[in-house]
Amino acid sequence: MTVAMDARTTQLADAHVIRQGVERHLKYSMGKDPEHASRYDWRVALSLTLRDRIVDPWFESTRQTYAEQRKRVYYLSMEFLIGRLIQDAVTNLGLEDACREALADLGQDADLLMSEEPDAALGNGGLGRLAACFLDSLSTLGIAAYGYGVRYEHGLFRQSFENGRQVEEAEDWLQQEHPWEFVRPEVSFCIGFGGSTTTSSDGRTTWQPAEFVIAQAYDTPIIGWEGRWANTLRLWAAKPTTIFDLHRFNAGEYAAAAEPEALARTLSRVLYPDDTTEQGKELRLKQEYFFTAASIQDLVARFRREYDDLRLLPERVAIQMNDTHPAIAAPELVRILVDDQGMAMAAAIELAHGCLAYTNHTLLPEALESWSVELFRRVLPRHFEIVQQIEAWARARAGDVSIIEHGVVKMGDLAFLASHRVNGVSALHTELVKRLVFRDLHERHPERIVNVTNGVTPRRWLHACNPSLRSLINDTIGTEWPDQLERLDALAEHADSEEFRHRYGLAKRANKARLARWLEADGGPRIDCDAIFDVHIKRIHEYKRQLLNILETIAQWNAIRAEPTKDWVPRVKIFGGKAAPGYYMAKQIIRLINDVAAVVNNDPVVAGRLMVVYPDNYNVSMAEVVIPASDLSEQISTAGKEASGTGNMKFALNGAPTIGTLDGANIEIRDRVRPENFFLFGLTTDEVIERRQQPGYARAAIEASDRLAHALDQVAAGRFSPEEPGRYRDLVGNLYDYDYFMVTVDFDAYFATQREVDAAYRDQEGWLRAAIMNTARVGWFSSDRAIRQYATEVWGV
């Protein structure tokens, strides 16, 4: 009773302080009185009030880092998919109930205000969400760190559908004030491009860039669990060195007068500009150098303010390159040490090597990035010379290795050779990195590659997004699990309890009802909460095999139409994800899914048994509603192509068994939840490699499967696109003639396993037990565990 009274007293005190803060910011920051304030005004006032509560621990963390001369981690990433920050703040500060009470007293709905916060358009998929989870864990664990990225004005794009086609529009998240950030005009760096280099008689090289932009810092504090520590996400925005050409304006050249600003802003305007053109390639290289160079210059300046001896860099600085995008960090750090600080080239490379580490996220060769020598040397002439020096240094240590080969600069090889540690992100992926991606380099440096399987933050991906399940867990095992996720293991002993299964089922039902309401409110169809919610949400890519899923959907539609009186298990297929603007085949797959949905959802024969739903503009906030409601998690990538996946971890944590291949982290998830709680199908990685050697394997698989052949005939003949019968002939032809991603070969196994899912779902008690075991057994996949591994095995902090 005393504990409950103390908690209530604290909540009332917090609610009072929050109310005062909201009223103050509404008046003095927004310039509004309550009678005339909009929801936007209330939301920003709430955000600023919560930010006030973060600033003190943020300052204290910084002071402690300086006082103890802690080694800092610098996490360089092109993406930080941070989502809505109000929810992060109230969760990690423990102010959820107090906020609701304070806002209710002010006549405001907390849920409504929080739901209207725009998602920060700073990423696209798993890479960016992983970076956000890692920042949360770095703060939760009290590790001194900076996240470095780009402050994109428009991010990737806002997705909508027009006659089933993906339409890309500019994301407008910064049209409103972003109340979480602090502008740092005093923290800016001049970033150069192009030009030439000269070498003096004493051997010193000087780079004279032909053009410059300014990188200006914007800081967002990232608070950890229970508000004990806060780190900084520092994003760079590109500004012109000359804002406005008054002479050209006065001469009547009004548009030309603003060209310097427009050209600079292009660098921080869009995430992943289309690089199918030479101009696009140049912009992307410049964008990557822009944010990486600003980050490296910033961290070196911070180091120099504390230490005089540059040889201490590896002891005080750990730089983690999140994939190959920031690989230019190596030659940039060497350039600063050599050209600006006067260090010898070999010594500078050694120091950079001691600071740098590289996370590989892909087995796809095209994602490793390479630039033509002509482009690289034209944009970054000094860095090209330094890459040659790093290559020579690496050859002196390990023999015949190359970074520049066949007229291209290989950024993956540069990142590997310049780093003291390289890590894969799942057990299988790490082995494939050794065997396939960097085989020759691994043979020369067998100690360099380590595995750190990815993880997700339980604060956002269970505690915040799934309050129904959170309450049940708290009642069952206590409240200490959000930063000690392995405690969920204690739930396993309750899986055989009828009462616990019943309460778990009620929590899942509440989440399904929430999703159904959200879809309907967003203009979607009414869906049946008794159906299996079968969910496939992720970036649209051929290797992730959304095509396999929709072809199985067509086959199931055919099966139901053939036997309409059979007792079918109802199923709602839920898709979500964006395709890169220049990725033709992925956009065709999106259109096919929407075309199939239009036919299936309007077919009275299958009504109530099968439905296809594809909400547009998939983002973090959508995932937070969809994942807790999911019954089945689609993780069906071609074996050997998914590095890890983190969506698979989020689904399992929220009680959705996986249907999947032995790919990425699926293998480790299956081992932990046990095979009976996982629906496995498909070729293994070695079997995929072997099958590709067999001539005509795809056509043979289609001819051996009546279901698949019939579905492909329907697609090719225009059954789902009657206004344009030939719309998908190239897509179907590709499956017959090529099918690199084994859609045809794995189809029958996938279809059969989906029928196993139907049978398992009929036994609701057994299904609930499997769902509980998924939640209970995946505590190891916390991003806290992953960051502890990085800290000890990679960073030395």
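Below are the figures for this structure:
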| quantity | calculated |
| --- | --- |
| The one condition in (1) in a loop (DSSP other than H, G, I, E, B); (2) free of Cβ contacts under 8 Å to residues at least 60 places away in the same chain; (3) surrounded by 16 or more Cβ atoms within 10 Å (Cβ to Cβ); (4) not polar (S, T, N, Q) that residue 202 fails to fulfil | (3) |
| Meets criteria (in a helix (DSSP H, G or I), hydrophobic (A, V, I, L, M, F, W, C) and within 17 Å of residue 533 (Cα to Cα)) for residue 759 | yes |
| Hits in segment 760-780 (condition: open to solvent by 40 Å² or more (accessible area, probe 1.4 Å) and free of Cβ contacts under 8 Å to residues at least 60 places away in the same chain) | 763 |
| Which numbered condition residue 726 misses (of (1) touching a residue at least 60 places away in the same chain (Cβ under 8 Å); (2) among the small types (Gly, Ala, Ser); (3) in a loop (DSSP other than H, G, I, E, B)) | (1) |
| Out of 165, 151, sole residue that is out of contact with any Phe, Trp or Tyr (no Cβ under 9 Å at 6 or more places or on another chain) and touching a residue at least 40 places away in the same chain (Cβ under 8 Å) | 165 |
| The one condition in (1) in a strand (DSSP E or B); (2) over 28 Å from residue 507 (Cβ atoms) that residue 634 fails to fulfil | (2) |
| Residues located in segment 376-393, provided they are surrounded by fewer than 16 Cβ atoms within 10 Å (Cβ to Cβ) and either among the small types (Gly, Ala, Ser) or in contact with a Leu (Cβ under 9 Å, 6 or more places away or on another chain) (or both) | 392 |
| Sole exception among (1) open to solvent by 10 Å² or more (accessible area, probe 1.4 Å); (2) part of a helix (DSSP H, G or I) for residue 652, by number | (1) |
| Residue in segment 678-699 that is hydrophobic (A, V, I, L, M, F, W, C), within 30 Å of residue 777 (Cα to Cα), assigned to a helix (DSSP H, G or I) and within 19 Å of the chain's Cα centre (by Cα) present | no |
| Exclusive hit being open to solvent by 20 Å² or more (accessible area, probe 1.4 Å) and of a type in the set (A, V, I, L, M), set 665, 698, 716 | 716 |
| Complete set of residues in segment 731-747 that are under 31 Å from the mean Cα position of the chain (by Cα) and assigned to a helix (DSSP H, G or I) | 731, 732, 734, 735, 743, 744, 745, 746, 747 |
| Pair list, Cβ < 6 Å and 6+ apart or interchain, from segment 50-78 residues that are closer than 30 Å to residue 358 by Cβ to residues that are in a strand (DSSP E or B) and β-branched (Val, Ile, Thr) | 74/319 |
| Residue match in segment 494-515 (condition: part of a helix (DSSP H, G or I), among the hydrophobic types (A, V, I, L, M, F, W, C), closer than 26 Å to residue 636 by Cβ and within 27 Å of the chain's Cα centre (by Cα)) | yes |
| Exclusive hit being at pLDDT 95 or above and under 30 Å from residue 479 (Cα atoms), set 73, 150 | 73 |
| Residues satisfying the stated conditions in segment 590-605, i.e. closer than 18 Å to residue 618 by Cα and surrounded by fewer than 24 Cβ atoms within 10 Å (Cβ to Cβ) | 591, 592, 594, 597 |
| Those strands (runs of 3 or more DSSP E) lying entirely in segment 70-168 with at least 1 residues small (Gly, Ala, Ser) and open to solvent by less than 10 Å² (accessible area, probe 1.4 Å) | 145-150 |
| Only listed residue being among the small types (Gly, Ala, Ser), in contact with a Leu (Cβ under 8 Å, 6 or more places away or on another chain) and part of a helix (DSSP H, G or I), chosen from 396, 330, 346 | 330 |
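The values are calculated or read from the model by the stated rules, or taken from the named source; none is laboratory data. Bear in mind the structure is a predicted one, so any value in this text is a computation, not a measurement. Every residue, glycine as well, gets a Cβ built from its backbone with ideal geometry; the counts of neighbours run over all protein chains shown. The accessibility values were calculated without ligands, DNA or RNA, using every heavy atom of the protein model including side chains. Shrake-Rupley method; radii C 1.70, N 1.55, O 1.52, S 1.80 Å.
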